[in-house]
Structure formats: C-alpha cells, structure tokens
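**Student:** Below is a structure I'd like to ask you about.
Each reported figure results from applying straightforward, stated rules to the coordinates on display, with no laboratory input. Remember, predicted model here, so these are calculated numbers, not experimental data. Because the Cβ atoms are built from the backbone with ideal geometry, glycine has one as well, and the counts that use them run over all protein chains shown.
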Amino acid sequence: MSWESLNSHHDYISGTLGISVGGVGGRHPHYQLSATRLLSPSPSGSRHPLDGPGPTLSSDRPWPWTSSCSSLHRDTYAEVRPSRVAAKRCTWGCFHACRARIHHSLAKRKIDQGLRLYNQHKQQQAVRKWKSALKAIRTRDDKFNLLGYLYQAYMDWGKYRDALEYAHRQLFISEELDSPNMRAESYLNLARAHQRLGGLERALAYARHSLYNECEQHTTAGHVHLTVGSVYLELAGFNKALDSFQHAHRIAQAVHDPALELQVYVGLSELFSRLQDADKSARYASKAYDLSRSLQLGDLNSRHHRAALLQMASALRKQGELGDAHDYCSEATRLALVSGDQASYAKSIRIMGDIYRKKSDINKAFRQYETAMGSAAAMGDRVIQMESMDGAARCLEALRLQHKICNCRPLEFNTRLLEVASSVGAKLLVRKVRIRLSRIYHSLGDEEQKVHHERVALRLQEDLDLLCAGCGSPYGIDSDSLEALPCAHILHARCAYDLFRRSKKKKRSCPECDRTSSRLYLNCTDYNNAMTYSPVPLSVCSSDSHCTSHHATSSV
C-alpha cells in the first residue's frame, strides 16, 4: 500500500468517524476519547500512554486500519453505545417506577372512594376498596392512615381480633418511622380493642404506653384518657374514671372536638348510672344526645349518635320512662342494623331486655338477653356478654322469687357469671353476684356458703371504697343523688351542700384529700337554694354554663 493510499485511508477514517489517530497536532479534538478507548489494558490495569507524534500500540495488537473499515466502526460503536442488557435494565427500571407511581395514585383514589362508600353505609364495598388499595400503597404515612380506617371498620363490626391485627401493623410502621404520634395512636387502638375483649389490665398498659409518647395531637391524648376512664369504669374505680373523663373533657374543649366531648358525656352518664344516680345520668345522656344531633349522621361519627341514643334509652329506663326508652333503643337498633355496627346492635338488644324486664315481661326480656349473649360471644366482646348474662341472671332471680322455677338454674347461671366477671375484673358486678348467690344459698339452707358469699361481698365493698367523705356512709348501693368535686371525689349531694353552706372561705377544700379550688363544685346562682345542683363536675363545666335536662319525649 502506498503512502498516498495510506494517507487517504487515514483521512477517510478521521473524517467519517471524527477520530484522529495522529499526533498531538491532529486536526480533530476527539482523539483522547476515541484513542484511549481503543487501547488494550495493560496487565497492571493501567493503559498505555500515548507517546510520540504517532500512535503506539502493543506489539501483539495490529493497527486498527489493518482491518476493514466496518470492523473499526463496529468496535467504536460497541465502546460508545451502552450495552443492550444495561439499556434493557434501565428501561425496565423506569417502567416499574412509573407503574408503581400510577398504582399508588390509583390506590389513593380507592381510599377516597372507600371513605365515600363508608359514609353511605356501604361498609362491605368500602372495606374491599381499602384492602385493594393496601396492596398498592407505597408511602408509610398513607398506609398507616389506611390501616386506621380498616381498624375502625372492623371495630364497628365487632371483629376485635381482626382489628387488633391492623393495630399491630400500625405499631410496626410507627416503629419504622420512629414517630411518637403514630406510636401513640397505635397503642390507643390496641387499648380499645383489648378493652372490648375483656383484657382490661392489658388495655390500661397500652393506654399508659400511648400517654408516654409525646403526641402533638391532643385529640389522641383525649381519646386515651377516655379509654382509661372506660376501663376504670369496668374495674369499679369510679374516682379514677371520673378523673380521666375530666381530663378528656378538658382536651375536647381545648381542641373543639364535639365527638370526643359527646363520648365523655356518655361515659359520665354511665358512671352515675352505676352509682344509682338516675337523674344525673339522664342529664349527661341528654347533653350527649344534643351534641350527637349536631353531628353529621352521614359521616364516620354516626356511631357516636348511636351511642348517645343507647345511653338515653338506658338513663330513661332507670328513671322509669319506659315508653321513651323503648323509642330511643328501637332507633339505635335500626341504625346499628343499617350501618352494620354489631357492637351497638348487641348493646341495644341488651338494653331492650332491661326495658322488658322493667315492664315485668320476663320471658321476652330473657329472649333479648339470650340474643345479646350470642352476638357478644360471636364478637368476643366479653363486656357486653357479661352485662347480658347479668340481665339474664336478674330474670332468673325474679322467676325464682315468684316460685316459677327452682333454685338450681339461677345457682348454676350466677356461678358462671361470677367466673366471667372475676376474670374480667368487674368488682362491682362480682359484689352483686355474691349477694345474689348468698340469697340463693339461704333458700337452699346452706348457711356456710351463704356466710362465705356475704363475707366476700362485704370485703369487696370495702375495697371499692364507695364511702362519702362527708358523712362516711356508703353510696352507689341504693338510689341517691350525688355530686363530684374537681378533685374527682364523690359525695352525697346533701353532704356537698352542707359543706358549701358551712364554708365561709373563698376556696373550699375537699374533706377527702383537702384539695382546694377557687371554683365552686355547686353551680348555684342562689347560695341558699339547696336544690340547685351542678349536673357536671366543676372541672368539666364552666362557671357560667347552665346545663338543662333534655325532655324525655323529644323526637328521635
């Protein structure tokens, strides 16, 4: 090959590919990129430098132009263009990322659709939407909120064990993100589920864990105090329950949460109902019902409206207004069936049994209690099951006193109820069952068992410490009027009024703990009027508020 042909070949390569293999003074500036890529690596891993005016390659490798132009073009193309495998991987990665973003967007849309369906009382369709979205949701915050929706749906259905699973998954996400607010909410959900399952001590432990976490969401802390109050209510720790309800009420007023305030009034109504103060129980139930009517019945707070209806029915039944109580309970039963709220349905059937028992229709009442017991057993709700068993035991006791049945069946049923109540820790109910058993054994002539149950019932009464700090006599046994001080101690209303009338100081102290308060626990406009009592503790209602009782015949 001549020098002219060689130079023409060189010019062709340089002009066509933009590669210069000449010396430093070459015309094209791309020689460093192309030339170094064409060099073979040395054994040490380094590349041979370009020295001298011409290209220098390894002796065992020929010049590039010894091959055809097509081979040079192929080698250069293979070096500059990424491999097909890498490009394929990059394409698939982009495709998967885009698909994940699309699925996440569709999942968030399904969450919103599920909320609309749930508000329209289409719970089954809503839960199917949420479960489908749970598979595609990617961000942990969205997944945490979605698990909360599923938790509440299963709580409304009375499937507490399934709800526990979602609460545990929430707790796992909160630990991953190390979020105190999420951790507080997760522990709160665990406490609520265990409370319905009858694990009261475990519920208290989870509630304490929730309070230990510093949560900026004060509503969560309010619900924790509400749960603690409900648990202490079952454990017959009425002073602690009242203190927790007061904390929850203060938070509800601070954050302007009417749903939380409604639940506090329901809890206070139940507290005074168990302490045999029917009038104050009805006043709290009336306030809860008034708040429930202001809430939108189509949203998730409709369950609070059902709770207020049931509490109104229970309070009116205590007052003897059975017709209005029946109307409230029937409306709550209807709404529970529409919304699929199994817990409210079982409770409404139990309260309906109480109404029939008050009407002396024992057979119909016993059938209601049996239905409620079956529904509660299917859910695993030991609290409603225990209350239904207590109602059935009262029916059997009435039949026994009428000499319509023998002592055997009431004895067996109350023995089973005693086991359930003892396992749950409901001390007040255990005391009542012990007294009932002592009467049965007295009828049977077994004085030893009679004395045993009476002794245990008396010891339980001392443990409950249901003694008025003013007069020292017990309360909560017979129907009476009670008052609560800001320090959560409870007195007879007459003793509270005497204390108020005798004290001439601006600050009045509690006879139990000697704590003083500038606020009066008796909301009186006329100090000499002994009949004007505050329907709520002073730490709950403001000094210028005047709570009025809701008329029993108001329409549902």
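**Student:** Quickly work out the Asp498-to-Asn119 label distance, labels modelled 7 Å from Cα along the C-beta direction, and quote it in nm with one decimal.
**Tutor:** Those two pseudo-labels are separated by 5.6 nm.
**Student:** With the cut-off at 16 Å, report for segment 294-366 the share of all Cα pairs above it, as a whole percent.
**Tutor:** I get 44 percent for the Cα pairs in segment 294-366 exceeding 16 Å.
**Student:** Percentage of Cα-Cα pair distances in segment 440-487 greater than 17 Å, rounded to whole percent?
**Tutor:** Cα-Cα pairs of segment 440-487 separated by over 17 Å account for 52 percent.
**Student:** For His249, what is the net charge nearby, where nearby means another residue's Cβ is under 13 Å from its Cβ and Lys, Arg count +1, Asp, Glu -1?
**Tutor:** Taking every other residue near His249 into account, the sum is -1.
**Student:** How would you rank 256-268, 469-481, 277-289, highest first, on the average number of other Cβ atoms within 10 Å across their residues?
**Tutor:** The peptides rank, most packed first, as 277-289, 256-268, 469-481.
**Student:** Next question. Report the FRET efficiency, 1/(1 + (r/R0)^6), for Ser294 and Leu322, where r is their Cβ-Cβ distance and R0 is 35 Å, rounded to 0.05.
**Tutor:** Details: r = 27 Å, r/R0 = 0.78.
With a Förster radius of 35 Å, E is 0.80.
**Student:** Report the full-extension gain for the segment Val255 to Asn363: residue separation times 0.36 nm, less the Cα-Cα distance, to one decimal in nm.
**Tutor:** Extending this stretch completely gives an extra 34.1 nm.
**Student:** Answer rounded, prolate or oblate for segment 365-463, using the Cα gyration tensor with square roots of eigenvalues a ≥ b ≥ c: rounded when a/c is under 1.5, else prolate when a/b is larger than b/c, else oblate.
**Tutor:** It is oblate, given that a/c is not under 1.5 and a/b is not larger than b/c.
**Student:** Now a separate question. Could you rank the peptides 436-447, 347-358 by their average count of other C-beta atoms within 10 Å per residue, with the highest value first?
**Tutor:** 347-358, 436-447
**Student:** How long is segment 376-428 along each principal axis, judged by its Cα atoms, biggest number first, in Å?
**Tutor:** Per principal axis, max minus min of the Cα coordinates gives 34, 21, 16 Å.
**Student:** Quick one: how many lysine pairs does segment 355-489 have with C-alpha atoms less than 24 Å apart and a gap of 8 or more or different chains? Give me the count, please.
**Tutor:** 10
**Student:** Also, I was wondering about something else. Of all alpha-carbon pairs in segment 274-414, indicate the percentage at a distance above 18 angstrom.
**Tutor:** On the way: 5677 of 9870 pairs.
Every Cα pair in segment 274-414 considered, those over 18 Å come to 58 percent.
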